[in-house]
Amino acid sequence: MDKEFDHVGSWRDRLKASAIHLTLSLAIAALAGVLVFGVWYPYPYREISGGRELFLILVTVDVILGPLMTLAVFNRVKPWPVLRRDLIVIAVVQLLALGYGLWTVCIARPVHLVFEYYRFSVVHAVDIPPQELTKVPAGLNALPLTGPSLLSLRALKNENEKVDFTLAAVGGVGLAARPQLWQPYASALPEILKEAKPVSQLKTRFANRASEIDRVLNTAGGNPQTVRYLPLIGRDHFWTVFVDPVDAHIVATMPLDPF
C-alpha cells in the first residue's frame, strides 16, 4: 500500500509541476503573441504573410514539449541540486527554442506595404538583399521593428534601369524590394489615384461578393460609392486594397483576388 501510495503521490507531483510549467509557458507564449500579432504581423499581414501559421506551429511545439519534459523528469526523490539542474536545462532549452522561433518569425516579418506602379506589394525583411540595405533613401527605415510602413516606388529613370530591374525581378528580387526605388507613399499620390479603379467595377466583376465588399467598407467607414481599389500581392495570396479617393490612405483590405 505504501509503495502504491508513493507511486500515486509521485505522479500527482509530476502532474502538478507539469501544470505549473504549462501555465508559465502559456503566459510567455501570450506575451510573444502580443509582439508578433500586435506589432510585427498586425491584420491583415498575419494572413497575407503567413505569420499566424508559422508562429502557432513554433509556439505550440514549444509549449507542449516543455511541460512534457517536466512531467518526465520531475521526481521529488531526486536530490534538490539534481532536480534543479534538470528543470533549468529544460527551461533553457525551451527558451532557446522560443527565441529561435521568434527570430524566424522576425526575419520573415512584413516591413513595408509598397505601391508598385499599378498595385500594392508586401515586402518582407527576408525579401530585401542585404547588399541593398546601404541604398535606402534618407529618412526611410529599411527594416522597421514596429510594423510595416507605407511606401511607393519612384519612376524608373531610363531604359537601362527598366532592363536592369526587370531582369532582377525575373531573377527573384521584386521591384518593391529594391530600396533605391523607395520613396514616401505620398510622393506617388497622383499615380495611385490614377491607377485605382472604382469599387463599382469590382462589384460588377464579383457580383456574388458585392454584399461582402459593401460590408467590409461600411465597417471600415468607407463609402462604397466613392472608394477606389487596387490589387495587393502578398507572399502566397492576392488581396484587394481599398483607398480613399482624395488622399489615397488605405481604408480597408479584403481577401479577394481582383486580377
Could you give log10 I(q)/I(0) at q = 0.20, 0.25, 0.28 Å⁻¹ for the range 187-259, computed by the Debye formula over C-alpha point scatterers of equal weight, without solvent?
-> -0.78, -1.19, -1.42
Over the range 168-239, with every protein chain in place, what whole percent of the accessible area is carbon and sulfur at 1.4 Å, could you tell me?
-> 53
Quick calc: nm separation of the 7 Å Cα→Cβ label points for ARG209 and VAL246 -> 2.9
Relative contact order, percent, the chain [alpha-carbon distance under 8 Å, six or more residues apart] = 16
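Which number do you get for Rg(Cα) / (2.2 N^0.38 Å) in the chain?
Normalised Cα radius of gyration, the chain: 1.38.
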Can you tell me which of 54-61, 201-208 comes out highest on packing, and rank the rest after it, using the mean Cβ neighbours within 10 Å?
-> 54-61, 201-208
Which whole-number percentage describes the relative contact order of the range 44-169, with Cα contacts under 8 Å and a sequence gap of 6 or more?
-> 21
Value of [θ]222 nm, deg cm²/dmol, for the chain, DSSP H segments ≥ 4, -39500 (n - 2.57) each, nearest 500 | -16000 deg cm²/dmol
Using only alpha carbon pairs under 8 Å that are at least six residues apart, calculate the relative contact order of the range 156-226 and give it in whole percent.
-> 18
Carbon and sulfur %, accessible surface of the range 65-104 computed with the full protein complex present, 1.4 Å | 78
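Filter the chain for me: DSSP H helices, axial length by Cα at least 24 angstrom, mean Kyte-Doolittle hydropathy not below -1.0. List them by residue number.
2-35, 51-73, 80-107
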Given the range 3-73 reduced to its alpha-carbon atoms as identical point scatterers, what log10 I(q)/I(0) does the Debye formula return at q = 0.12, 0.21, 0.26 Å⁻¹?
-> -0.44, -0.84, -1.05
Surface accessible to a 1.4 Å probe, per residue, for the residues of the chain, Å² | 55
Binned at 5 Å from zero, the C-alpha pair distances of the range 1-149 give percents of 2, 9, 15, 16, 12, 11, 9, 7, 6, 5, 4, 2, 2, 1, 0, 0
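Order the peptides 233-239, 105-111 from the highest to the lowest mean number of other Cβ atoms within 10 Å of their residues.
The most tightly packed comes first, giving 105-111, 233-239.
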Non-local residues with an amide H under 5 Å from the amide H of VAL251, with H modelled 1.01 Å from N and Pro and chain starts lacking one, are PHE242, VAL243, ASP244
What would the Debye formula give as log10 I(q)/I(0) at q = 0.20 Å⁻¹ for the alpha-carbon point model of the range 68-203, no solvent?
-> -1.17
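The values are calculated or read from the model by the stated rules, or taken from the named source; none is laboratory data. Please read these numbers as outputs of a predicted model, since none were measured by experiment. Virtual Cβ from ideal backbone geometry, glycine too; neighbours counted across all protein chains shown. With ligands, DNA and RNA removed, areas are computed over all heavy atoms of the protein, side chains included. Shrake-Rupley method; radii C 1.70, N 1.55, O 1.52, S 1.80 Å.
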